[in-house]
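Visitor: Just passing along the structure, written as C-alpha coordinates.
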Amino acid sequence: MNKYRIIGALLVVTAWVMFAVAGFVEHNINLKKKVESTVISTDVVEVKDLAAAKRVVPKVTEEPKKEEAKVEAVSMEAVPKEEPKPVTPPRVEVYEHMTLDELAAKLDRSLNSNLAGKGRLIAEHSLQVGVDPIVATAIMLHETGCNWRCSNLVVACNNVGGQKGSPVCGNGGYKGYPTLDAGIVGMIDNLARNYYSRGLNTVELIGPRYAESGTWIAKINSYIYAIRAK
(Lines give C-alpha, C1' and ligand atoms only; values in the text may rest on other atoms or scores of the structure.)
Protein backbone atom coordinates (compact mmCIF):
# COMPACT_ATOMS: atom_id res chain seq x y z
CA MET A 1 0.00 0.00 0.00
CA ASN A 2 2.76 2.37 0.91
CA LYS A 3 4.60 1.36 -2.22
CA TYR A 4 1.75 2.43 -4.41
CA ARG A 5 1.45 5.75 -2.65
CA ILE A 6 5.11 6.45 -3.19
CA ILE A 7 4.90 5.58 -6.87
CA GLY A 8 1.81 7.69 -7.24
CA ALA A 9 3.50 10.61 -5.52
CA LEU A 10 6.55 10.24 -7.78
CA LEU A 11 4.32 10.25 -10.84
CA VAL A 12 2.55 13.35 -9.63
CA VAL A 13 5.88 15.09 -8.98
CA THR A 14 7.21 13.99 -12.33
CA ALA A 15 4.09 15.26 -14.06
CA TRP A 16 4.39 18.61 -12.32
CA VAL A 17 8.06 18.80 -13.24
CA MET A 18 7.32 18.01 -16.87
CA PHE A 19 4.50 20.51 -16.84
CA ALA A 20 6.80 23.09 -15.38
CA VAL A 21 9.52 22.33 -17.93
CA ALA A 22 6.99 22.48 -20.74
CA GLY A 23 5.73 25.79 -19.46
CA PHE A 24 9.24 27.12 -19.12
CA VAL A 25 10.11 26.02 -22.65
CA GLU A 26 6.93 27.56 -24.04
CA HIS A 27 7.65 30.75 -22.11
CA ASN A 28 11.15 30.92 -23.59
CA ILE A 29 9.81 30.31 -27.09
CA ASN A 30 7.23 33.10 -26.71
CA LEU A 31 9.87 35.40 -25.23
CA LYS A 32 12.21 34.74 -28.15
CA LYS A 33 9.43 35.47 -30.63
CA LYS A 34 8.61 38.66 -28.81
CA VAL A 35 12.24 39.74 -28.84
CA GLU A 36 12.56 38.97 -32.55
CA SER A 37 9.37 40.86 -33.26
CA THR A 38 10.66 43.80 -31.28
CA VAL A 39 13.97 43.78 -33.14
CA ILE A 40 12.24 43.63 -36.49
CA SER A 41 9.89 46.39 -35.48
CA THR A 42 12.83 48.51 -34.30
CA ASP A 43 14.65 47.95 -37.54
CA VAL A 44 11.62 49.00 -39.47
CA VAL A 45 11.28 52.10 -37.36
CA GLU A 46 14.90 52.95 -37.91
CA VAL A 47 14.50 52.46 -41.62
CA LYS A 48 11.45 54.63 -41.59
CA ASP A 49 13.27 57.19 -39.53
CA LEU A 50 16.17 57.13 -41.97
CA ALA A 51 13.78 57.52 -44.87
CA ALA A 52 12.09 60.39 -43.11
CA ALA A 53 15.44 61.92 -42.35
CA LYS A 54 16.39 61.58 -45.96
CA ARG A 55 13.27 63.46 -46.94
CA VAL A 56 13.72 66.20 -44.34
CA VAL A 57 17.41 66.94 -44.79
CA PRO A 58 17.72 69.64 -47.48
CA LYS A 59 19.95 69.09 -50.38
CA VAL A 60 23.35 70.58 -49.71
CA THR A 61 24.73 72.45 -52.68
CA GLU A 62 28.41 72.90 -52.86
CA GLU A 63 29.60 76.50 -53.01
CA PRO A 64 31.36 77.34 -56.22
CA LYS A 65 35.06 77.46 -55.79
CA LYS A 66 36.44 80.94 -55.81
CA GLU A 67 38.85 81.55 -58.60
CA GLU A 68 42.25 82.45 -57.36
CA ALA A 69 43.32 85.93 -58.28
CA LYS A 70 45.65 85.85 -61.18
CA VAL A 71 48.84 87.76 -60.57
CA GLU A 72 50.17 89.21 -63.74
CA ALA A 73 53.86 89.53 -64.14
CA VAL A 74 55.01 93.13 -63.78
CA SER A 75 57.60 94.40 -66.14
CA MET A 76 60.67 95.63 -64.31
CA GLU A 77 61.42 98.31 -66.87
CA ALA A 78 62.89 101.43 -65.38
CA VAL A 79 60.40 104.27 -64.94
CA PRO A 80 61.59 107.30 -66.90
CA LYS A 81 62.73 110.06 -64.62
CA GLU A 82 60.40 113.01 -64.76
CA GLU A 83 62.18 116.17 -65.63
CA PRO A 84 61.53 118.99 -63.16
CA LYS A 85 59.26 121.67 -64.53
CA PRO A 86 60.97 125.01 -65.05
CA VAL A 87 60.08 127.52 -62.41
CA THR A 88 58.89 130.83 -63.80
CA PRO A 89 60.52 133.62 -61.81
CA PRO A 90 58.19 136.28 -60.44
CA ARG A 91 57.84 139.46 -62.45
CA VAL A 92 59.88 142.27 -60.92
CA GLU A 93 59.22 145.71 -62.31
CA VAL A 94 62.10 148.14 -61.87
CA TYR A 95 61.06 151.21 -63.83
CA GLU A 96 57.72 152.53 -65.14
CA HIS A 97 56.03 149.07 -65.04
CA MET A 98 58.96 147.50 -66.89
CA THR A 99 61.27 144.70 -65.83
CA LEU A 100 65.00 145.16 -66.17
CA ASP A 101 65.02 143.16 -69.40
CA GLU A 102 62.17 145.22 -70.84
CA LEU A 103 63.84 148.47 -69.89
CA ALA A 104 67.16 147.39 -71.39
CA ALA A 105 65.41 146.37 -74.61
CA LYS A 106 63.66 149.74 -74.82
CA LEU A 107 66.96 151.61 -74.43
CA ASP A 108 68.68 149.38 -76.99
CA ARG A 109 66.12 150.34 -79.62
CA SER A 110 67.55 153.88 -79.55
CA LEU A 111 71.25 153.00 -79.18
CA ASN A 112 73.26 152.65 -82.36
CA SER A 113 76.87 152.74 -83.53
CA ASN A 114 79.33 152.23 -80.64
CA LEU A 115 76.56 152.30 -78.00
CA ALA A 116 74.55 149.48 -79.60
CA GLY A 117 73.69 146.78 -77.05
CA LYS A 118 74.65 148.89 -74.01
CA GLY A 119 71.06 149.29 -72.82
CA ARG A 120 71.37 146.79 -69.97
CA LEU A 121 74.55 148.39 -68.58
CA ILE A 122 72.91 151.84 -68.67
CA ALA A 123 69.72 150.54 -67.04
CA GLU A 124 71.46 148.54 -64.29
CA HIS A 125 73.95 151.21 -63.26
CA SER A 126 71.48 154.10 -63.45
CA LEU A 127 69.03 152.30 -61.16
CA GLN A 128 71.86 151.29 -58.84
CA VAL A 129 72.98 154.90 -58.22
CA GLY A 130 69.54 156.53 -58.40
CA VAL A 131 69.62 158.12 -61.84
CA ASP A 132 66.74 158.06 -64.32
CA PRO A 133 67.98 155.64 -67.04
CA ILE A 134 65.99 157.28 -69.84
CA VAL A 135 67.31 160.74 -68.92
CA ALA A 136 70.88 159.38 -68.86
CA THR A 137 70.39 157.74 -72.28
CA ALA A 138 68.89 160.91 -73.76
CA ILE A 139 71.92 162.97 -72.59
CA MET A 140 74.30 160.36 -74.09
CA LEU A 141 72.49 160.47 -77.46
CA HIS A 142 72.63 164.26 -77.57
CA GLU A 143 76.30 164.55 -76.49
CA THR A 144 77.65 161.75 -78.70
CA GLY A 145 75.40 161.59 -81.76
CA CYS A 146 75.15 157.81 -81.22
CA ASN A 147 71.52 157.89 -82.28
CA TRP A 148 73.09 157.71 -85.74
CA ARG A 149 76.88 157.59 -85.66
CA CYS A 150 79.00 158.25 -82.55
CA SER A 151 81.35 161.24 -82.49
CA ASN A 152 85.14 161.03 -82.40
CA LEU A 153 85.04 161.81 -78.66
CA VAL A 154 83.34 158.46 -78.14
CA VAL A 155 85.53 156.56 -80.59
CA ALA A 156 88.85 157.95 -79.35
CA CYS A 157 88.20 158.70 -75.69
CA ASN A 158 85.19 156.51 -74.68
CA ASN A 159 83.61 159.72 -73.38
CA VAL A 160 79.82 159.51 -73.80
CA GLY A 161 78.75 162.59 -71.79
CA GLY A 162 81.01 165.41 -73.01
CA GLN A 163 82.70 165.50 -69.60
CA LYS A 164 85.90 167.40 -69.00
CA GLY A 165 88.62 166.40 -66.61
CA SER A 166 91.68 164.23 -66.27
CA PRO A 167 93.10 162.19 -67.64
CA VAL A 168 92.66 164.44 -70.62
CA CYS A 169 92.06 162.81 -74.00
CA GLY A 170 92.81 164.88 -77.12
CA ASN A 171 92.14 168.57 -77.45
CA GLY A 172 89.62 170.57 -75.47
CA GLY A 173 90.33 169.11 -72.05
CA TYR A 174 87.81 166.27 -72.37
CA LYS A 175 88.23 163.30 -70.08
CA GLY A 176 89.34 159.95 -71.45
CA TYR A 177 88.25 156.47 -70.20
CA PRO A 178 90.06 153.18 -70.72
CA THR A 179 86.94 151.37 -72.04
CA LEU A 180 83.52 152.28 -73.36
CA ASP A 181 81.85 150.57 -70.37
CA ALA A 182 84.01 152.67 -68.02
CA GLY A 183 82.99 155.80 -69.92
CA ILE A 184 79.26 154.91 -69.56
CA VAL A 185 79.62 154.22 -65.83
CA GLY A 186 81.65 157.44 -65.36
CA MET A 187 79.01 159.57 -67.09
CA ILE A 188 76.17 158.08 -64.96
CA ASP A 189 78.23 158.48 -61.77
CA ASN A 190 78.76 162.16 -62.67
CA LEU A 191 74.98 162.66 -62.88
CA ALA A 192 74.45 160.86 -59.56
CA ARG A 193 77.20 162.70 -57.69
CA ASN A 194 76.92 166.26 -59.04
CA TYR A 195 73.21 166.49 -59.89
CA TYR A 196 70.81 163.91 -58.43
CA SER A 197 72.47 163.90 -55.00
CA ARG A 198 71.93 167.70 -54.92
CA GLY A 199 68.26 167.55 -55.87
CA LEU A 200 68.82 168.33 -59.54
CA ASN A 201 66.83 165.34 -60.77
CA THR A 202 64.92 166.71 -63.78
CA VAL A 203 66.08 167.86 -67.19
CA GLU A 204 65.00 171.42 -66.39
CA LEU A 205 67.12 171.45 -63.23
CA ILE A 206 70.09 169.65 -64.77
CA GLY A 207 70.27 171.80 -67.94
CA PRO A 208 71.58 175.14 -66.60
CA ARG A 209 74.46 173.45 -64.79
CA TYR A 210 75.24 170.79 -67.40
CA ALA A 211 75.33 172.85 -70.63
CA GLU A 212 75.67 176.49 -71.75
CA SER A 213 73.27 176.09 -74.68
CA GLY A 214 69.80 177.48 -74.21
CA THR A 215 68.34 174.75 -76.41
CA TRP A 216 69.89 171.87 -74.45
CA ILE A 217 66.78 171.22 -72.31
CA ALA A 218 64.44 171.08 -75.31
CA LYS A 219 66.75 168.75 -77.21
CA ILE A 220 67.12 166.35 -74.25
CA ASN A 221 63.33 166.26 -73.76
CA SER A 222 62.95 165.48 -77.46
CA TYR A 223 65.27 162.48 -77.08
CA ILE A 224 63.35 161.36 -74.00
CA TYR A 225 60.10 161.44 -75.95
CA ALA A 226 61.59 159.41 -78.80
CA ILE A 227 63.06 156.76 -76.44
CA ARG A 228 59.72 156.28 -74.65
CA ALA A 229 57.90 155.96 -77.97
CA LYS A 230 60.05 153.04 -79.19
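Visitor: Select from segment 141-193 the residues that are in contact (Cβ under 8 Å) with a residue 12 or more places away in the chain, out of contact with any helix residue (DSSP H, G or I) (no Cβ under 7 Å at 6 or more places or on another chain) and closer than 21 Å to Gln128 by Cα and list them in ascending order.
Guide: Within segment 141-193, Thr179, Ala182, Gly183, Gly186, Asn190 meet the criteria.
Visitor: Which condition from (1) closer than 21 Å to Tyr225 by Cβ; (2) part of a helix (DSSP H, G or I); (3) out of contact with any strand residue (DSSP E or B) (no Cβ under 7 Å at 6 or more places or on another chain) is the one that Leu121 breaks?
Guide: The single condition Leu121 does not satisfy is (1).
Visitor: Out of Ala123, Ala136, report the one residue that is closer than 30 Å to Gly173 by Cα, modelled with pLDDT of 95 or more, crowded, with 16+ Cβ neighbours inside 10 Å and touching a Gly at 6+ places or on another chain (Cβ under 9 Å).
Guide: Among Ala123, Ala136, only Ala136 is closer than 30 Å to Gly173 by Cα, modelled with pLDDT of 95 or more, crowded, with 16+ Cβ neighbours inside 10 Å and touching a Gly at 6+ places or on another chain (Cβ under 9 Å).
The values are calculated or read from the model by the stated rules, or taken from the named source; none is laboratory data. Quantities reported herein were computed from a predicted structural model and do not represent experimental measurements. Heads up, the Cβs are rebuilt from the backbone with ideal geometry, glycines too, and the neighbour counts pull from every protein chain shown.
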